[in-house]
Amino acid sequence: MKLYSYLSFNGNCDAAFKFYEQVLGGKSGDRMTYGASPMADQVPEGWHDKIMHAQLTIGEQEIMGADSTLEYYEEPKGTSVLINIEDAGEAERIFEALAENGTVKMPIQETFWAARFGMLVDQFGTPWMINCDRAG
């Protein structure tokens, strides 16, 4: 069994996944627009270039996502994508990059459980937690 994070976007999935690919060092995988799908004739006007499905591989992990039409889109609540990183400097780099034009909920810092931990919502509305465990 595998578990994946599947992210919903309000029309900016393509930009978000290009950003995540750059920041996280991922490799873009499957990507389909609504206009290239078998249901292209049922898509709302202006949505043919929006993403119906996108995949990004980061190491051995994957995240997926899509643009949700306005009647189905809901802002994420009660969940976050957690990135656990072994290197404190890399944790800070990723945190700062994801926080650009976003909202920091908890600045990245040392905590009683982690060498570095921080929470943010990025410019695309995705909530993230960045964690770097304390050394052994």
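Points worth noting:
- Residue that is farthest from the chain's Cα centre (by Cα) [pool: residues in segment 33-60 that are surrounded by 14 or more Cβ atoms within 10 Å (Cβ to Cβ) and of a type in the set (A, V, I, L, M, F, W, C)]: V43
- Note on segment 6-42: residues that are at pLDDT 95 or above and polar (S, T, N, Q) amount to 4.
- Exclusive hit being surrounded by fewer than 14 Cβ atoms within 10 Å (Cβ to Cβ) and either over 16 Å from P127 (Cα atoms) or assigned by TED's automatic domain parsing to the domain that holds M129 (or both), set L3, L98: L3
- Selection status of F124, assigned to a loop (DSSP other than H, G, I, E, B) and in contact with a helix residue (DSSP H, G or I) (Cβ under 8 Å, 6 or more places away or on another chain): yes
- Segment 61-118, subset under 17 Å from the mean Cα position of the chain (by Cα), part of a strand (DSSP E or B) and among the small types (G, A, S), residue nearest to G29 (Cα to Cα): G65
- Subset of segment 21-52 that is in contact with a Ser or Thr (Cβ under 7 Å, 6 or more places away or on another chain) and in a loop (DSSP other than H, G, I, E, B) - its residue that is nearest to G11 (Cα to Cα): K50
- Listed conditions (1) farther than 21 Å from Y20 by Cα; (2) among the small types (G, A, S); (3) at pLDDT 95 or above are all met by G46, apart from (3).
- Breaking point among (1) over 21 Å from A15 (Cα atoms); (2) crowded, with 17+ Cβ neighbours inside 10 Å; (3) of a type in the set (S, T, Y), for T111: (2)
The values are calculated or read from the model by the stated rules, or taken from the named source; none is laboratory data. Everything quoted here is computed from the prediction, not taken from an experiment. Using ideal geometry, Cβ is built from the backbone for each residue, glycine included, and neighbour counts are taken over all protein chains shown.
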